Amino acid sequence: MKILAVCGFGVGSSMVLKMSLERVLRELGVDAEVDNTDINSARGTDCDAIFTSAELHEELKGTCNVPVYPVKKYMDLAEVKEVVQQFLNDKK
C-alpha cells in the first residue's frame with residue numbers, strides 16, 4: 001500500500017504529516033509506504049490514498065483517482081489515527 005502526505009511545496013508540513021502517518025500505521029500494524037510530495041506531483045502519482053490539509057483537500061479531491069483525506073492537526077496522533085482508520089474502513 002502506498003500513501004501520500006501532501007502539502008503545497010512537498011517539503012515542510014507534508015514531512016510532519018508523513019512522520020505522523022508512519023507512526024500511526026506502525027501502531028496499527030499496517031504495512032504501507034508513506035511518501036511526502038507537493039500538490040502538483042500528487043495528482044500524477046500512483047498511490048492508494050492521499051492525506052493533506054483541509055484547504056488542499058478541496059483542491060485535490062476532484063482531480064485525483066484515489067481517496068483524499070483531510071487532516072487538521074498533523075502532529076495530533078489521535079486525529080491522524082482516526083483519519084487513517086476511516087481510510088482503512090473505506091477500503092474494505
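Every number here is computed from the coordinates shown, using simple stated rules; none is lab data. In this text, all values refer to a predicted model and were calculated from it rather than measured experimentally. Positions of Cβ are generated from backbone atoms using ideal geometry, with glycine treated the same way; all protein chains shown enter the neighbour counts.
List of remarks:
- Isotropic mean projected area of the C-alpha convex hull, the stretch 2-81 (nm²): 4.4 nm²
- Of T63, T45, the sequence from fewest to most neighbouring Cβ atoms within 10 angstrom is T63, T45.
- In terms of surrounding Cβ atoms within a 10 Å radius of their Cβ, S14, S41, S20 rank from fewest to most as S41, S20, S14.
- Applying a DSSP loop filter and a limit of 13 other Cβ atoms within 10 Å to the trypsin sites (Lys or Arg not before Pro) in the stretch 26-61 leaves nothing.
- Cβ crowding within 10 Å, taken as a proxy for footprinting-reagent exposure, orders D38, D46 from fewest neighbours to most as D46, D38.
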